[in-house]
Amino acid sequence: MKTNFKFWLLLALTAIAFQGCQEEDSIIPEEVVVLPPETVTTVEGFYLLNEGNMNMNKASLDYYDYGTGVYKRNVYGQANPDATLGLGDVGNDIGIYGSKLYTVINNSNKVEVVDVVTAKRLKVIDAKNCRYITFANGKAYLSAYDGDVQLGDSSTNGFVAEIDTTSLAVTRTLKVGRQPEEMAIVGDKLYVANSGGYSPPDYEKTVSVIDLKTFTKIKDIEVAINLHRIEADEDGDLYVSSRGDYFNIRPKLFVIDTKTDNIKKTFDISCSNITIAGNKAYIIGSEFSFTTGESIINYSMIDVKTETLLSESYLPKAVSDEIVMPYGIAVDPVSLNVYVTDAGDYVSPGKLYCIDKNGAVKFTVTTGDIPAHFAFKTKKTIINP
């Protein structure tokens with residue numbers, strides 16, 4: 001999935017050997033915690049998707065309501081008691097578009113579409129080894145690996161599926177690079193970060209560019225090996241992360257000018273997760289090396305207007321010292337509160353930290369296993385960090 005690579009590599013190998021050995025776990029009941037309420041603006045709250053361990057069917061959905069301060073764990077299980085396997089196996093991404101919430105469940109090979117208010121299931125869309133989702137002009141765009149979890153040179157190219165958000169039907173698919181990951185939309189172009197992560201050391205190096213009007217691939221931009229994250233700022237520049245090879249090639253963060261589709265800036269930092277709010281990019285960096293066996297973690301900020309790496313961190317030292325494995329990040333676009341998750345040991349419930357824009361900790365709460373992906377529920381706008 002994401003950090004730590006060594007851990008997920010072992011999980012992937014285990015999945016290959018033991019695929020189909022899943023047990024039908026019982027539904028976990030909803031749990032409620034009362035936290036300090038937030039001021040309701042255009043943002044009313046957010047959903048948090050917990051990945052859960054592979055082959056355990058422990059993906060789950062939490063919701064934090066700003067107005068009441070109520071934090072609910074496992075809202076999907078509560079709303080859908082007949083779903084015998086719960087939300088499914090490995091929640092990999094989440095997004096809100098209109099009145100619907102989309103959860104991408106990677107190892108269950110599906111997208112669960114639910115009502116954004118009630119979390120009741122509306123439809124299940126089958127998608128083999130699906131990864132990430134984004135939206136534009138009444139369509140959802142889903143990246144997928146197009147094959148089972150397998151390592152080696154025989155891994156196939158991935159694709160992007162276009163989904164009509166009214167009928168919830170897949171309307172078109174388009175081949176891109178091997179193991180496509182995150183996507184970003186700028187104007188009429190969809191950018192897809194290709195990883196080739198199943199075939200080290202023969203990683204992919206490209207970002208595929210798709211014309212959304214014709215749904216055809218225009219070009220591939222060569223960037224660096226093992227790409228993952230891709231995020232657009234307000235000026236249309238793309239921030240694209242390379243995870244390196246975990247040995248000699250170190251991770252980097254690149255800036256692509258979408259007017260020319262050329263690389264305009266390179267940052268020598270790791271970026272396992274990134275979100276952009278206002279003029280700042282907030283980064284979690286976790287750089288693992290098989291050579292040293294160590295992980296180096298950073299909590300960096302970049303001024304996206306000046307494209308400058310800032311010296312300060314958004315995370316208080318007391319929190320950074322406490323977090324075991326930083327994982328998910330989101331920033332409220334109005335209050336600029338920063339939300340950071342801790343996956344801990346990957347097998348126990350994680351934690352969610354809320355830090356205000358001045359660096360003060362507002363609250364900490366227990367989540368599901370491997371808390372990872374956020375979607376803000378808004379009155380007027382659609383925001384999917």
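The values are calculated or read from the model by the stated rules, or taken from the named source; none is laboratory data. Keep in mind that this is a model prediction, so the values were computed, not measured. So basically every Cβ, Gly included, is an ideal-geometry build from the backbone, and we count neighbours across all protein chains shown.
Computed values, structure above
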{"read-out": "Subset of the stretch 88-97 (residues that are of a type in the set (D, E, K, R) and either part of a strand (DSSP E or B) or surrounded by fewer than 20 Cβ atoms within 10 Å (Cβ to Cβ) (or both))", "value": "93"}
{"read-out": "Out of 341, 308, sole residue that is hydroxyl-bearing (Ser, Thr, Tyr), within 30 Å of residue 256 (Cα to Cα) and either loosely packed, with under 15 Cβ neighbours inside 10 Å or without any contact (Cβ under 8 Å) to a residue 12 or more places away in the chain (or both)", "value": "308"}
{"read-out": "All positions within the stretch 169-205 that are among the hydroxyl-bearing types (Ser, Thr, Tyr) and surrounded by fewer than 20 Cβ atoms within 10 Å (Cβ to Cβ)", "value": "171, 173, 199"}
{"read-out": "Scope the stretch 330-349; condition of a type in the set (A, V, I, L, M) and part of a strand (DSSP E or B); matching residues", "value": "330, 331, 338, 340"}
{"read-out": "Single unsatisfied condition, residue 327 versus (1) part of a loop (DSSP other than H, G, I, E, B); (2) aromatic (Phe, Trp, Tyr); (3) surrounded by 16 or more Cβ atoms within 10 Å (Cβ to Cβ)", "value": "(1)"}
{"read-out": "Candidates 286, 313, 300 - the one that is farther than 29 Å from residue 208 by Cβ and either in contact with a strand residue (DSSP E or B) (Cβ under 7 Å, 6 or more places away or on another chain) or without any contact (Cβ under 8 Å) to a residue 12 or more places away in the chain (or both)", "value": "313"}
{"read-out": "Only listed residue being part of a loop (DSSP other than H, G, I, E, B) and crowded, with 17+ Cβ neighbours inside 10 Å, chosen from 315, 352", "value": "315"}
{"read-out": "Residue that is surrounded by the fewest Cβ atoms within 10 Å (Cβ to Cβ) [pool: residues in the stretch 64-80 that are of a type in the set (Ser, Thr, Tyr) and assigned to a loop (DSSP other than H, G, I, E, B)]", "value": "68"}
{"read-out": "Only one of 296, 302, 284, 276 that is surrounded by fewer than 23 Cβ atoms within 10 Å (Cβ to Cβ), modelled with pLDDT of 95 or more and in a strand (DSSP E or B)", "value": "276"}
{"read-out": "Residue identified as assigned to a loop (DSSP other than H, G, I, E, B), of a type in the set (D, E, K, R), surrounded by fewer than 16 Cβ atoms within 10 Å (Cβ to Cβ) and more than 19 Å from the chain's Cα centre (by Cα) among 265, 219, 259", "value": "259"}
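Here's the yes/no breakdown for (1) within 12 Å of the chain's Cα centre (by Cα); (2) under 23 Å from residue 229 (Cβ atoms); (3) in contact (Cβ under 8 Å) with a residue 60 or more places away in the chain; (4) surrounded by fewer than 20 Cβ atoms within 10 Å (Cβ to Cβ):
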{"position": "82", "(1), (2), (3), (4)": "no, no, no, yes"}
{"position": "86", "(1), (2), (3), (4)": "no, no, yes, no"}
{"position": "99", "(1), (2), (3), (4)": "no, no, no, yes"}
{"position": "120", "(1), (2), (3), (4)": "no, no, no, yes"}
{"position": "123", "(1), (2), (3), (4)": "no, no, no, yes"}
{"position": "127", "(1), (2), (3), (4)": "no, yes, no, no"}
